[in-house]
1. Would you kindly state how much longer the chain becomes between A:ALA398 and A:GLU309 on full extension, computed as 0.36 nm times their sequence separation minus their alpha carbon distance, in nm to one decimal?
2. Under a point spin-label approximation (7 Å from Cα along Cα-to-Cβ), what is the A:GLU171-A:LYS571 distance to one decimal in nm?
3. Between B:ILE71, B:ILE158, B:ILE93, which gets the highest mean-square fluctuation from a Gaussian network model of chain B, Cα cutoff 10 Å?
4. How many angstrom lie between the Cα centre of segment A:401-450 and the Cα centre of segment B:20-43?
5. Compute the FRET efficiency between B:MET14 and A:GLU46 as 1/(1 + (r/R0)^6), taking r as their Cβ-Cβ distance and R0 = 22 Å, and round to the nearest 0.05.
6. For A:ARG407 and B:ASP83, FRET efficiency with R0 = 41 Å and r from the beta-carbon atoms, rounded to 0.05?
7. Per-residue mean of other chain beta-carbon atoms within 10 angstrom of the beta-carbon, peptide A:661-670?
8. Choose one of A:VAL202, A:PRO373, A:ALA289: the residue whose Cα lies farthest towards the positive end of the charge dipole of chain A (beta-carbon charges +1 Lys, Arg; -1 Asp, Glu; about the Cα centre).
Amino acid sequence: MSVQLKVDDRDTGEVTQNVLGRDTERRDARQKVTGRATYAAEIRPEGLVHGALVRAPGMGRVELANRAEVEAMPGVLMVLSDARMIRNAAQGAAGEAPVQGVETAAYVGQPVALVVAESFEAAAHAARTLTVTCEGASNEIDPEKVEIAEDDTDETAQGDLEAALREARHEIDRTYTTPSMHSAAMEPHAALAEWDGARLTVRASLQMLRYNRAEIADCLGIDTENVRLLSPFVGGGFGSKLGISAEAVAAALAARELGRPVRVVQHRRSVFEVNTRRSETTQRIRLGADAEGRLDAIGHEALVSNLPEEDFSEPVLQGTHFAYAARNRLLVQRTARIHRPAAGSVRAPGEAVGITAFEIAMDELADEVGIDPVELRLANIPEKDPESDVPFSSHMLAETLHDGAARFGWADRPRAARQRREGEWWIGSGMAACFRVNMMMPAEARVRLTADGAIVETDMTDIGTGSYSILGQIAAEALGLTAEGVEVRLGDTDFPPGSGSGGSFGAASTGTAVWLACAEIRTALAGRMDCEPGELTLREGTVQCGNRSRPLAELLNGETLTGHGEVEPGKAEDKVRQATFGACFAEVAVSDVTGETRLRRMVGSFAAGRILNPRTARSQAQGGMIWGTGMALTEALLHDRRDGHVVNRDLAEYHLPVHADIPEMDIALLEESDPWAGPLHAKGIGELGICGSGAAVINAIHNACGVRVRDLPATPDRVLGGLS
Amino acid sequence: MQISFTVNGTRQDMELDPRVTLLDALRDHLGLTGSKKGCDHGQCGACTVLVEGRRVNACLSLAAMHEGEEITTIEGIAQTSPDTAATLQQAMIDYDGMQCGYCTPGQVCSAVGMLSEAREGWPSHVTEDLDAPLELTRDELTERMSGNLCRCGCYPGIVKAIRTASEARTSDSEAA
Ligand code: FES
Ligand code: FES
C-alpha cells in the first residue's frame, strides 16, 4: 500500500505546528561537532586499496607513455584507462551515463587514468610519475569566438522591445559579465567501491542517489538493482555532487578487476576541473521605463558556455521571466560550445548570476530615473506571471522589501553616491530583490511506527541542508511524537527513493512523501479506532477520536504499522507560477587607497512558504548570502587564455569568503504558507539567499564610492580603476 | 618506519611509510576520521588538530615529525580541554554553527587552540597595540579563525559559539 499524491491543485488542509515550524536543534549536530559523522572516504574495509586519478595536461589523443614503468612501481596494482570511465561529472537528475571514454581529452584536466596501489602514498606517487601526453587537438576555449548553433539559441519575445526602448523616458543598456565559479564543497568527491558477486556497493559523496544509482549502472552496463549507494553524510554539494563523477566509476571498475575494495578521493585540484563549474556569463540588459520608473521594456540576452554534448545551459534568464512586469520583452540565451571544463548546476543555477546582473541593472535604472531603488522594485511587481499570465501561488516580494528596509534602516541612506567617509573608507549601502523558482521533484519515503516511536527511511541526502532534522519533525508532527521519538535514516538506496538534494526542492518534495507515509499510518490507526482519519488526534502515545482515547501501544498491540508515501509534481506547475522572494541590504566600506571592499553588515528578508525548522532554514539563507558576497567580491575561476585550463584550481587561489570577510547577518524568514506547494505549504530556502545578495553588495559599492562594477567580482583593481 | 606518539591520551606505536602525513596516520591508520581532509594542502583548516596544545594543519605535517608528541583531535578534545571545548561544542549546536559538518571538527579544534593563543597574548595581523593586553574583539577573532574555511557559510554562528566559549572561560578563570 502507499499514499500517492500528484500536486495538481491548491491544498485545503491544515498542518498543526507542535514540532514542525519550531526552532529545533539540528538532528546530526552532536555527531558533527564531535567528529562522529562519517563521510564517504572514512570506512576502511579489509583489503582496502587506493586509487588516484591522473589528469590530462592538454587536449586530444591521450598516450600513457611510461605505463609499464608505473605498473612496475612498488605497491602499484594497476593503471586503469577504460572506455567506460567518464569525461566529467553527470548533470543533475540525468539518470544515465555522461559522456564516456578517456582515449581523448576534451578539456585540460580531464581524468584519463586511475592508478591503484596498496597505499594512498604509493598511488599518489605513481600517479605523479605517469607521463600523459595529449596531441592532435586545438579546440576553441573562448566563448566569444565560436559560432553559436541554432540549437544552442533560445529566445522568448513579447511585444516590440526596440520600439519600446525608443519611446521609453528612461533607458539602460549595459553589459555585465560574471566569471566561471565553483561549488568548492569542503569535502572532496570520494568513492569507496566494493563488489559482492554481481552486486556493487559504493559509499559516495552524492546529492541525488536515485539518479546516481542509475548513472553508475549505465556507465558500467549493469542493472540498477545491482548498485547500492550509501551517502549518510555529504560534506557539501552545492550542485557539484548532483551527478556521479569520475572517481565513482573508476573506483567501481578497478574494484571489479582487482577483487578488492577501492577508494578514490579526488585531489582538490581535480575537484575544480572534473566537477561542473558555473559557466561564465556575458549579459546584455536593456531596460526602458516611464518617468515613475515603471518598466515597459525588458531585454536580457545571455551568452554562456559548455562542452559539446552537455545538455546543461546555465539558465541565466530563469528569474527574469517572472521577476518584473513589462509589456515588451526579449529574452535570449546562447550557449557557446567550447572546451573549458564542463559547466553544470552550481547553487541556484540561473538566478545566482542572472538576477545578480539584473538587480545591478535595476540599481542603475533607479539612478537614471532618480527614485529610490526599493521604490523602483515596488513599482514593478507583476500581478501575474508576466509571460504566461497565470497567477503566482504566493508573492511576498513587497513584504520582504518593506521588512528588510526597516531592519536595515534604509531610510537613513543618502541616495547620492560618495556621501559618507570614515578615514580612507567610503561607506555606502545597496539593496537588491531576490528571486528563485520553486520546484518539486518526485519523491518516496517509508515510515514505520511502533510503540517505541517512528523510523523514517528514504534515500534522500542531507548535504548540510537539515534533511535529517526536518524529515524527523514532519513525522513527529504527523504522528504526535516528539522529535526525539523519530529516528531518521537517509542516504541509502535500499530505502525508497527520495527527491535527492538540489534545486531547493528537497524539503518540500521528500518532506511531502514523509507526510503522506504518515497519512497512511494515520488511516490505519483511525480504522482501528473505528473513526475517520480526519477525526484522529495523536499525542504523546495516545490516540484520540472524539472523546474516545486509547494508548498507542495498546492499539498497535506489538505490531509495526508501515506507511509509504509518494509525491510527484502535477498540474499545479501549469496553473500557477511558484517562486520564492526576498530582499537583501548591504553596507560596505570601500578603501579609497586600495579599492578593497569590506562588507560591514547585511540584512536579508525572505519568504519561502512555511518554514519547517527556522534554525536550519536560517543557516541555509545565511549560507546563500555569504555565497553572494563571495560572488560579488572574490570568487572567479580563471581559465588560461590559451588552453582554457583552470589556473586557480585550489582553495588558496580560488577565494571563498573566510571568517574575516563576513560580519553578523540579520536574517528574517517571513511567515508565509503556499497552498500550491503540497500539504506542507513549504517551498525551498536553500538557494534564495544567493539570488540577489551579490547585487546588493555591488550596488552598495556604487553608493559608497561612485564606482559601478559591471564585471564581477569587484576585486580591488577593478574598483580602484574607477576611483579618482 | 617505527613512529610513536600519543593521541588523546593513548600512546600509539605505528609502522608507517615515511610519506604518511599526520592527517593520514590519524584517519587511515588509527581510524580517527573526525579530522577531515578538505584540501591536503594546508589551505582549508579542516584537518586542524592540536599538537602539544598548538593548532597544526595535520595534512601539512608528516607523522614522522611528531615522535613522542602529544596530539589532540576532535575525538578527544572535550576530555583534554573540558571547559572550553565542551562549552564550544554545545554553543556550536545552539547557534547552528554548521551545516554539512565537514569543516566543523577543524573549526572546533582551531578555536580551542586560538583561544589559548589569545590568552597568552599572541598578537595577530589586526592587533593595533602589541604591548597592550589583548582584547579578543570580533575582528581579532575572525582574523585568527580565517584559516578555517566553511563553504556552507556558517561563520556568524561559529563566531558566536567561540565567543560564548571564550566568555565562559573568562568567568571560569575569574571565579578561580
Ligand atoms: S586538509 Fe589540511 S588544510 Fe585542508
Ligand atoms: S559546515 Fe559545511 S563547510 Fe562548514
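1. On the way: separation 89, 0.36 × 89 = 32.04 nm, distance 4.16 nm.
This chain segment gains 27.9 nm when fully extended.
2. 4.5
3. Residue with maximal mean-square fluctuation among B:ILE71, B:ILE158, B:ILE93: B:ILE93.
4. Using only Cα atoms, the two centres lie 38 Å from each other.
5. Details: r = 19 Å, r/R0 = 0.85.
That gives a FRET efficiency of 0.75.
6. Numbers: r = 36 Å, r/R0 = 0.88.
So, using R0 = 41 Å, E works out to roughly 0.70.
7. Numbers: counts 3, 9, 6, 5, 4, 1, 1, 0, 0, 0.
That works out to 3 on average.
8. Positive-most Cα among the choices belongs to A:VAL202.
The values are calculated or read from the model by the stated rules, or taken from the named source; none is laboratory data. Predicted model only: the values in this text are computed from it and were never measured. Here Cβ is always computed from backbone atoms with ideal geometry, including for glycine, and neighbour counts include all displayed protein chains. Keep in mind that these areas ignore ligands, DNA and RNA; they rest on the heavy atoms of the full protein, side chains included. Shrake-Rupley method; radii C 1.70, N 1.55, O 1.52, S 1.80 Å.
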